[in-house]
Amino acid sequence: MTPILRYGLLGCGMMGQEHVRNLALLPGAAVTAILEPDAGMRAAALALSPGAAAVGTLAELLAAPIDALVIASPNHVHADQIAEIARRRPLPLMVEKPVCTSLAEARRLEAVGAKYPAPLWVAMEYRYMPPVARLIAEAEARTGGVRMLAIREHRYPFLHKVGAWNRFDRLTGGTLVEKCCHFFDLMCLILNDRPVRVFASAAQDVNHKSEAYDGAAPDVIDNAYVVLDFERGARAMLDLCMFAEGARFQEEIAATGPKARIEALVPGPSRFWPEALEAPPVAQVVFSPRDPRGPIVLDVPVDPALLAAGDHNGSTFYQHQRFAAAIRGAGPVEVGLADGLRAVRIGLAAQRSALTGRAVGLSEGRFRLD
């Protein structure tokens, strides 16, 4: 009989609780220890996992009888926490994106990662959304080689989190890091290539403008266009709008080559779909060949239990399946530290481009992608 994997959770706010709910659905897994400083979030997490014990410090969490750790704390503490885990007890580790928030932290983590002896997985959930996973698997063959990749996310504003940490660039890394590292990761994965230049235009036009926290106004952008040029000539574009929660699909990804286009259409969280309307939409994959013309539309339904367990179209569960396999030595680490750091560097370069109005090179200088 396969032994149960015992998980510790570092941070049990909104995303941490999504991990707890999905681990409860995963055979052979149990959450046994939780570190969450906010009393309300801690109580909610313990209610979801009544067999877990609450601890007060990271040292206590690492001393607990656990086999793996999930970090779902605020972005700006990830780097220090990873470094402390590496120093004290380098367990198999899944860390929520972004893995860090600055170039200095990225350099520190490169050194940590070079010596980390256990699986270290960066939680890029979007790879594991069923329609996106199908697009990733089939894009190259269906299109005849992707030359243009467009990713649109039109969604709701940032939700309220403990201490409003997600309202400030200094704590998140900026929206193009916090939110969009997912998409830069997908671009590199789908194109299987290295980006060499990024240009971004972005602003905070609508959201959070009337808010203030300890006298400080939020400064996170809420809309952007970002274009990446890749080494072998392909191009990718991100269209982000965070005041568009009325859209039918939240993510729309289109990969186009000389033979065809393939699209993945992903609805937003079911809990946000208006009750007055029909049932929430089902995710789709659309094939649009040039010859013979005409789209082929395939529904990609997701188990309702997985949809209810989180806000990412079932992907958190599928990601944990693969992470558990990596822990047991039955599969690879599919999203490693290098992937997470690359996505952060691209996001930081895009933030810089949006600030300066200039394209930023990714093949040399401080944003270089090694």
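The values are calculated or read from the model by the stated rules, or taken from the named source; none is laboratory data. All values reported here derive from a predicted model rather than from experimental measurement. Cβ: placed from backbone, ideal geometry, glycine included. Neighbour counts: every protein chain shown. The area values use the complete protein model at the heavy-atom level, side chains included, leaving out ligands, DNA and RNA. Shrake-Rupley method; radii C 1.70, N 1.55, O 1.52, S 1.80 Å.
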Quiz item: Hey, which of the helices (runs of 4 or more DSSP H) in the stretch 136-207, taking only ones fully inside, have at least 3 residues that are of a type outside the set (A, V, I, L, M, F, W, C) and over 20 Å from M237 (Cα atoms)?
Solution: 169-172
Practice problem: Could you list, in sequence order, all residues of the stretch 136-160 that are under 17 Å from the mean Cα position of the chain (by Cα) and either over 20 Å from S353 (Cα atoms) or of a type in the set (D, E) (or both)? | Solution: I136, E153, H154, R155, Y156, P157, F158, L159
Exercise. Might you let me know whether the stretch 336-344 holds any residue that is surrounded by fewer than 19 Cβ atoms within 10 Å (Cβ to Cβ) and either touching an Asp or Glu at 6+ places or on another chain (Cβ under 8 Å) or touching a residue at least 12 places away in the same chain (Cβ under 8 Å) (or both)?
Key: yes
Quiz item: What is the residue count in the stretch 280-330 for residues that are free of Cβ contacts under 8 Å to residues at least 60 places away in the same chain, at negative phi and part of a loop (DSSP other than H, G, I, E, B)?
Solution: 11
Self-check item: Selection count where residues are within 16 Å of L62 (Cα to Cα) and in a loop (DSSP other than H, G, I, E, B), scope the stretch 13-36
Solution: 1
Quiz prompt | When residues of the stretch 208-220 are limited to those that are in contact (Cβ under 8 Å) with a residue 12 or more places away in the chain and open to solvent by 30 Å² or more (accessible area, probe 1.4 Å), the one nearest to A236 (Cα to Cα) | solution = D219
Practice problem: Report, ordered by the first and then the second residue, all pairs with beta carbons closer than 8 Å, sequence separation of six or more or different chains, a first member in the stretch 170-190 that is closer than 16 Å to L369 by Cβ, and a second member that is small (G, A, S) and open to solvent by 10 Å² or more (accessible area, probe 1.4 Å). | Solution: L176/A202; L176/A354
Quiz item: Can you tell me which residues in the stretch 58-81 are assigned to a loop (DSSP other than H, G, I, E, B) and under 16 Å from P119 (Cα atoms)?
Solution: I66, D67
Practice problem: Give the number of residues within the stretch 91-111 that are surrounded by fewer than 23 Cβ atoms within 10 Å (Cβ to Cβ), in contact (Cβ under 8 Å) with a residue 24 or more places away in the chain and more than 19 Å from L69 (Cβ to Cβ). | Solution: 4
